[in-house]
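Step one of this worksheet: look at the structure below.
The values are calculated or read from the model by the stated rules, or taken from the named source; none is laboratory data. In this text, all values refer to a predicted model and were calculated from it rather than measured experimentally. So basically every Cβ, Gly included, is an ideal-geometry build from the backbone, and we count neighbours across all protein chains shown.
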Amino acid sequence: MSEKRKFRFRKLNLNAPDYDKSPRIRRSVQLFFLMVTLYTGWRFVLFVNYIQRGGTAVSRPPGVEAFLPISSLVSLKYWIVSGDFNTVHPAGLVLLLAFMVMGLLLKRSFCSWVCPIGFLSEYLWKGGEKLMGKNFQLPRWLDYPLRSLKYLILLFFAWGIFFGMDSATLKSFVYGSYNRIADISMLYFFTRISLFALVVILVLLLLSVFIKNFWCRYLCPYGALMGFLSLFSPAKITRNVDTCTDCRACTEACPARIIVHKKTRIRSDECTACLTCTSVCPEPDTLSLKFYSSKKRISAKLLAALILLIFLLFTGWARLTGHWQNKISVQQYKTDLRQMEQVDFTQ
């Protein structure tokens, strides 16, 4: 049996006694965050409906601010220069800090363990792989420059915020009406989507079916931020050269197209610590996630626990210290929405 066929057999034989359970553990964590995201979205829709039409009061879920990365980046700069942890979207800043810590400590684990877009993207390319038998790969000469696009997008926003906005401008933005209802504007983007935006989203979804993680790999500025921070992470996929048989199963399995079987330590900014490569390695203790030169590997269970611990520590601290719920009243929301839409809502 060829090495390639052995790799495929191992990949499909999920009931084998030596099968690495890390994919199942990661999927459980992904599903947890997906359920949190869906619940948050549902509660937010109810909250906006209450503002517009009245009825039974519904509290606003602060977690929706995770989808306001630009606002959170502005809040971060404003906090640094003024010491003011803003009360408009405090949860957004808390979550940004939590995810940045994940990136610094645990590679781009946010992308493959937490992010719902990463979860969707993964299922899209896996669906495409089942449908067509394979995914398309862009040639290296095109792949490298396209991967830089997400960094250029991140640089555009980071430069404008950190070098183009002074303290007064930052404060004006953070506490301005535009930012106060940025979460509702984001909801309206999807519920009142334009034809052009819909076409763009559908094209991105289609490309994600044919090309692995198209959005995440080439265009996502959040992924670029996590990738940059991951370069400084002490956690890296580590290969034991002495026990490696050079079967290349790890390289074939890697969704980020990293040539794992030739590296001793995977330093690539594209590595998301998904542990796919370690789960297919046929040799015990040959491929593992480790802190620096530590001999003890970071198992999938430990990695999942660390991710959840970071998330719970930051959100728990925010709740205890009053940095989770914003200070915008329902009446202020109504006033800002009237100004935006020039319509009346139930008093």
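Structure above, values below:
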read-out: Candidates 228, 173, 210, 156 - the one that is touching a Gly at 6+ places or on another chain (Cβ under 7 Å) and at pLDDT 95 or above; value: 210
read-out: Among (1) hydrophobic (A, V, I, L, M, F, W, C); (2) over 29 Å from residue 298 (Cβ atoms); (3) out of contact with any Ser or Thr (no Cβ under 8 Å at 6 or more places or on another chain); (4) assigned to a helix (DSSP H, G or I) - the single one residue 76 does not satisfy; value: (2)
read-out: Leading residue by the ranking (surrounded by the most Cβ atoms within 10 Å (Cβ to Cβ)) among those in the range 157-184 that are closer than 21 Å to residue 220 by Cα and in contact (Cβ under 8 Å) with a residue 24 or more places away in the chain; value: 183
read-out: Residue match in the range 88-103 (condition: in contact with a His (Cβ under 8 Å, 6 or more places away or on another chain), closer than 22 Å to residue 30 by Cβ, surrounded by 15 or more Cβ atoms within 10 Å (Cβ to Cβ) and among the β-branched types (Val, Ile, Thr)); value: yes
read-out: Extreme residue, farthest from residue 62 (Cα to Cα), among residues of the range 294-323 that are among the small types (Gly, Ala, Ser) and assigned to a helix (DSSP H, G or I); value: 300
read-out: Residue within the range 261-268 that is in contact with a Gly (Cβ under 9 Å, 6 or more places away or on another chain) and either closer than 17 Å to residue 122 by Cβ or crowded, with 19+ Cβ neighbours inside 10 Å (or both) present; value: yes
read-out: Within the range 188-246, tally of residues that are among the small types (Gly, Ala, Ser), closer than 21 Å to residue 271 by Cα and in a helix (DSSP H, G or I); value: 5
read-out: Candidate set from the range 269-291 (those that are assigned to a loop (DSSP other than H, G, I, E, B) and in contact with a strand residue (DSSP E or B) (Cβ under 8 Å, 6 or more places away or on another chain)); member that is surrounded by the fewest Cβ atoms within 10 Å (Cβ to Cβ); value: 285
read-out: Per-region count, the range 259-301, residues within 17 Å of residue 108 (Cβ to Cβ) and free of Cβ contacts under 8 Å to residues at least 24 places away in the same chain; value: 1
read-out: Residue tally, condition free of Cβ contacts under 8 Å to residues at least 40 places away in the same chain and more than 27 Å from residue 152 (Cβ to Cβ), over the range 228-244; value: 2
read-out: Helices (runs of 4 or more DSSP H) wholly inside the range 97-187 containing at least 2 residues that are hydrophobic (A, V, I, L, M, F, W, C) and within 26 Å of residue 311 (Cβ to Cβ); value: 116-132, 140-162
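To keep it simple, each residue is scored yes or no on (1) among the charged types (D, E, K, R); (2) modelled with pLDDT under 95; (3) surrounded by 17 or more Cβ atoms within 10 Å (Cβ to Cβ).
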position	(1), (2), (3)
7	no, yes, yes
16	no, yes, no
24	yes, yes, no
27	yes, no, no
31	no, no, no
38	no, no, no
42	no, no, no
50	no, yes, yes
55	no, yes, no
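Yes/no matrix, rows are residues, columns are (1) under 18 Å from residue 314 (Cβ atoms); (2) in contact (Cβ under 8 Å) with a residue 60 or more places away in the chain; (3) among the acidic types (Asp, Glu):
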{"site": "87", "(1), (2), (3)": "yes, yes, no"}
{"site": "92", "(1), (2), (3)": "yes, no, no"}
{"site": "106", "(1), (2), (3)": "yes, yes, no"}
{"site": "109", "(1), (2), (3)": "yes, yes, no"}
{"site": "113", "(1), (2), (3)": "yes, yes, no"}
{"site": "118", "(1), (2), (3)": "no, yes, no"}
{"site": "122", "(1), (2), (3)": "no, yes, yes"}
